[in-house]
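The values are calculated or read from the model by the stated rules, or taken from the named source; none is laboratory data. Since we're looking at a predicted model, the values are computed, not measured. Quick reminder, even Gly has a Cβ in these numbers, built from the backbone with ideal geometry, and neighbours come from all protein chains shown. Calculation scope for accessible area: heavy atoms of the full protein, side chains included, ligands and nucleic acids excluded. Shrake-Rupley method; radii C 1.70, N 1.55, O 1.52, S 1.80 Å.
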Amino acid sequence: MAIMLAISGFSQDTVKIGEGTTGTYIMPIHTNAKHSITQQIYTAAEINNGVTAGSAHSTPTGIITSIAFQYYYATAQTKQNITILMGHTTSNQSFAFMPFSQMDVVFSDSVVLNSNNTDYWVNIPLTTPFEWDGTSNIVVCVINNSGVKTTGTNQTFYSHTATNMSRYISNTTTMAYSTTTLPTGTGTLSSIRN
């Protein structure tokens, strides 16, 4: 799995991107770090090709009202101080961190991660829906300032390979990341995406 988006235009569309079979503890929330920032790119083609059966449109455009990730770890956990930003981009691979000023804050609260949901989906209703233009790629940035390592190196999220489509930075200190300014450093480019 990668991500599921609920897009509302004239009616609700559900978009599912990717089929994960392996695990990661890095994307979208680095559960083996006290603080982390992840950014993942989803292309317009992936979004348009990910429309699920029962959706109203074959080409979704409009407002993204929620995102979902697959969490399959047996132990539920609540991550406090999670901020999610979304933005449009023309980048699709080997990207540098997108500045927060070029994205919109769409969620800022705690997230309950629980594998008891259908197909392990953890739905996150956005407090501020994101308006997708229908043609640009989307960056989803998750800032984890929970201050707690919760799973060691256990595999917690389904993931799939998407060559150089994600980047992360993390720490195990008490230093929380700003939600308005990128940290020093380029982070790590990754081919694991959730």
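Would you point out which residue out of 63, 67, 3 is of a type in the set (A, V, I, L, M, F, W, C), open to solvent by less than 40 Å² (accessible area, probe 1.4 Å) and modelled with pLDDT of 70 or more?
Of 63, 67, 3, the one residue that is of a type in the set (A, V, I, L, M, F, W, C), open to solvent by less than 40 Å² (accessible area, probe 1.4 Å) and modelled with pLDDT of 70 or more is 67.
Please name all residue pairs, on different chains or six or more residues apart, with Cβ atoms under 8 Å, provided the first residue is in segment 88-101 and is in contact (Cβ under 8 Å) with a residue 24 or more places away in the chain and the second residue is of a type in the set (D, E, K, R).
88/133; 95/167; 96/167; 97/167
Please tell me if residue 26 is modelled with pLDDT under 85, assigned to a loop (DSSP other than H, G, I, E, B), crowded, with 16+ Cβ neighbours inside 10 Å and out of contact with any Lys or Arg (no Cβ under 6 Å at 6 or more places or on another chain).
yes
For segment 70-100, how many residues meet the condition of being among the aromatic types (Phe, Trp, Tyr) and modelled with pLDDT of 85 or more? If you could, list the steps in order and put the result at the bottom.
Step one: filter segment 70-100 for residues among the aromatic types (Phe, Trp, Tyr), giving 71-73, 95, 97, 100.
Filter once more, so that each one left must be modelled with pLDDT of 85 or more: 97, 100.
Counting residues in segment 70-100 that are among the aromatic types (Phe, Trp, Tyr) and modelled with pLDDT of 85 or more gives 2.
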